Amino acid sequence: MGGAATVRRYVLAALWLAAIAMPSLAEDVFIGVASVIDGDTIEVHGQRIRLHGIDAPESRQACRAAGGGEYRCGQQAALALAERIGRRVVRCEGLDVDRYKRVIAVCRLDGTDLNAWMVSEGLALAYRQYSRDYIDQEDAAKAARRGLWAGTFRPPWEWRKKKK
């Protein structure tokens with residue numbers, strides 16, 4: 001058993017260590033033009049990204065406006081996010097990966113935290129089950145009766161549970 005076998009073992013060990021030391025998707029940064037999937041999910045370069053710490057109404061979810069009429073609040077949230085982003089470049093910093101293999105991230109547009117923006121506009125709620133990061137924005141939107149807070153709605157997590 002000569003030097004070649006020993007070198008081969010060292011090379012394989014080095015490759016194995018490099019593979020386990022590589023950052024996961026959760027630690028990656030995704031930069032590019034985003035496609036909006038819904039009010040809390042976008043896609044950048046083929047990678048689905050779930051906006052950290054927020055929960056927007058589902059696409060099929062209806063809410064009541066201040067005047068009493070129903071509107072598709074989930075669709076409105078997605079459209080507002082798409083309009084805000086347009087065709088500009090976003091930067092998403094991965095924090096985790098969820099059970100659907102989506103990267104959980106904080107995404108920014110020109111330095112503005114889009115997650116915080118969605119909550120402060122009343123288009124999404126602070127997702128307290130997973131984070132306390134956007135509670136102040138939610139409190140401000142609620143006090144100003146912006147977005148969802150202008151009427152009545154079921155929180156997205158309750159709406160999903162009822163639909164199952």
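Residues with amide H under 5 Å of Ile104's amide H, sequence separation 5 or more or different chain, H placed in the peptide plane at 1.01 Å from N; which?
Sorted by chain and number, the residues that satisfy this are Arg50, Leu95, Asp96, Val97, Asp98.
For Ala34, which sequence-distant residues (separation of 5 or more, or a different chain) have an amide H within less than 5 Å of its own amide H, given hydrogens modelled in the peptide plane?
Correct list: Val90.
What net charge is computed for the residues neighbouring Asp136, neighbours being all others with C-beta under 15 Å from the C-beta of Asp136, Lys and Arg scored +1, Asp and Glu -1?
Charge balance in the 15 Å sphere: -1.
Work out from phi, with θ = phi - 60° and the Karplus expression 6.51 cos²θ - 1.76 cosθ + 1.60, the ³J(HN,Hα) of each residue of segment 29-41, listed in order in whole Hz, and give x for Gly and Pro.
10, 10, 10, x, 6, 9, 9, 8, 8, 7, x, 9, 9
Give me the distance in nm between label points sitting 7 Å out from Cα along the Cα-to-Cβ direction at Val29 and Glu83, one decimal.
Between Val29 and Glu83, the label points sit 3.1 nm apart.
For Asp98, what charge total do you get from the other residues with a beta carbon under 10 Å from its beta carbon, if Lys and Arg give +1 and Asp and Glu give -1?
+4
Every number here is computed from the coordinates shown, using simple stated rules; none is lab data. In this text the structure is predicted, and so the values were computed from the model without any measurement. Cβ coordinates were reconstructed from backbone atoms using ideal geometry, including for glycine residues, and neighbour counts include every protein chain displayed.
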